[in-house]
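The values are calculated or read from the model by the stated rules, or taken from the named source; none is laboratory data. Quantities reported herein were computed from a predicted structural model and do not represent experimental measurements. Cβ sites come from the backbone with ideal geometry, for glycine too, and all protein chains shown count toward neighbours.
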Amino acid sequence: MKYKLIMCITFIMFTLSSCMFPDTSVDNLIEPQKLEKEQQEIYDAFINDVGENSKIDLLYPNNGKYLSSFVVENIDDTKGNEAIVFYKNNNAINGKDTISVNILDKNENDEWHSVWITHETEVVDIDKFFILDTNNEKLIVVGYDTFDNNKERKLKRISVMKYKDNTLQKIYSLEGNEFEVFDINNNGLDDLIIISDNETREINVYEYNNNSLEKILNKKENYDEYKKMNIKTGLISEETPAIYIDETMSNGDIFTDILYYENGNIQTLNNISPQLKESTKKSDSLYTYDIDKDNIYEIPLELDLMGGNYNENRRFIKWINYDYISREMTEKSISYIDMKLGYRFDIPDEWIGDITYKKDDLNNEVTFYIYNYSDKNDDSQKLLKIKTFVPDINNTDVGTENYTIIDTDGHLKYGYILYNTNTKYDLKKKDIDNLFNKL
């Protein structure tokens, strides 16, 4: 059983490295990672506590910052890290619906050992794990998935715990459809934000002060029935925190709402104007993304440019930002994205309306060319080819001879060929350097 557990941990670790979109990381399929020395020591101490013959399923949070069965962080007011292990013990009574949290710490001999185990019953999975920083101590926040018999969506049970003197104490248990830990009002303290959807949507914001979890903000508004949420935290300006919420409807359409603090309360796009939220409509698998790494997220919208052989994994995208001062959406850029191969190419302004593309899936190559309105099959005026190279078994650069390599992620290589048409659409090498980006 120990062997199976090690393989489980290794699998979890190397499959959790991901890109912007699901199933896009090719390098994850090439070389699994090994357990590091400290992780192995934690694992050994954990197995020593639960028993080598125990039927253990290691679990990991499905969302958020911490995406591992083992979380190693300082969760109390002493020096040094503790380790938190999430698992199901299938030997236990009702183990199928019980998730356990094992806290490990180091003893006086600097050896890892288990110090506390807590159990959460009638839950099916772990959604997120957070460490909530307060004025003078830290709290552990774990969100568990439970099933709501009346809806498709899962309800979250949010357990707030405090670890001190080798004891993990649950101090609050809350419930909602989604939650996040984030300093929404920009006062330097982490907030616990819970979204609950019944007849109306209720957004509650809590802060932990003076050994008490206090509700500091509350907002109620109407909402449309949705199937699932995708949440990201960032900014809408250099100094204004925001939560971006992509809501997938039952028909596959996605709408983006933005939640932020304004004039002493929570503001949302839906509250400002339903039409503003309606303007973010897009199809399945398109979510907000920070394309320029400034922590201000862009909202993607599909563009149906002429001639392109459209596929859900590749398409032209218009990226927009929300300007909270004018309360309007502003265009950021237009891109061609290949979600499967993991890159984005920003389309120059001069190309808009006149340039399209064809994709050769067999060779992982895309060709951009001037669209001939008289003959839609004419792709003779080529401007640019971008090809993704997967190294062969010897890791050689077979086939790259005619291409200029622009980027690599350690396994995949991205190359291009420029063409000269003597038109205003022609690009130079410096343009490619600025326009090409990995996801």
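Could you look through the range 236-252, keep only residues that are surrounded by 17 or more Cβ atoms within 10 Å (Cβ to Cβ) and either charged (D, E, K, R) or assigned by TED's automatic domain parsing to the domain that holds Lys154 (or both), and pick out the one that is farthest from the chain's Cα centre (by Cα)?
Taking the candidates together, the pick is Glu247.
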Quiz prompt | Among the candidates Ser196, Ser250, residue that is over 19 Å from Leu276 (Cα atoms) and free of Cβ contacts under 8 Å to residues at least 24 places away in the same chain | solution = Ser196
Quiz item: Taking strands (runs of 3 or more DSSP E) that do not extend beyond the range 347-430, which have at least 2 residues that are of a type in the set (A, V, I, L, M, F, W, C) and out of contact with any His (no Cβ under 6 Å at 6 or more places or on another chain)?
Solution: 365-370, 382-389, 404-408, 413-418
Self-check item: Complete set of residues in the range 200-236 that are of a type in the set (Val, Ile, Thr) and within 23 Å of Lys154 (Cβ to Cβ)
Solution: Thr200, Ile203, Val205, Ile231, Thr233
Exercise. Test Asn209 against the stated conditions and say whether it is more than 22 Å from the chain's Cα centre (by Cα) and at pLDDT 95 or above.
Key: no
Quiz prompt | Matching residues, the range 212-230, being closer than 19 Å to Leu286 by Cα and either of a type in the set (Lys, Arg) or modelled with pLDDT of 95 or more (or both) | solution = Lys227, Lys228
Quiz item: Which of the residues that make up the range 308-346 are of a type in the set (S, T, N, Q) and modelled with pLDDT of 90 or more?
Solution: Asn321, Ser326, Thr330, Ser333, Ser335
Quiz item: Do the conditions hold for Thr367, that is, is it out of contact with any Leu (no Cβ under 6 Å at 6 or more places or on another chain), surrounded by 16 or more Cβ atoms within 10 Å (Cβ to Cβ) and of a type outside the set (Phe, Trp, Tyr)?
Solution: yes
Quiz item: Just checking, how many residues over the range 68-83 are at pLDDT below 90 and over 23 Å from Asn135 (Cβ atoms)?
Solution: 3
Quiz item: Only one residue in Ile131, Ile203 is closer than 18 Å to Gly264 by Cα and in a strand (DSSP E or B), so which one is that?
Solution: Ile203
Quiz item: Of the residues Thr280, Thr233, which is surrounded by 15 or more Cβ atoms within 10 Å (Cβ to Cβ) and either assigned to a loop (DSSP other than H, G, I, E, B) or at pLDDT below 95 (or both)?
Solution: Thr280
Quiz item: In the range 195-244, which residues are touching a Ser or Thr at 6+ places or on another chain (Cβ under 7 Å) and of a type in the set (Val, Ile, Thr)?
Solution: Ile243
Quiz item: If we scan the range 411-434, do we find a residue that is under 30 Å from Thr256 (Cα atoms) and surrounded by fewer than 17 Cβ atoms within 10 Å (Cβ to Cβ)?
Solution: yes
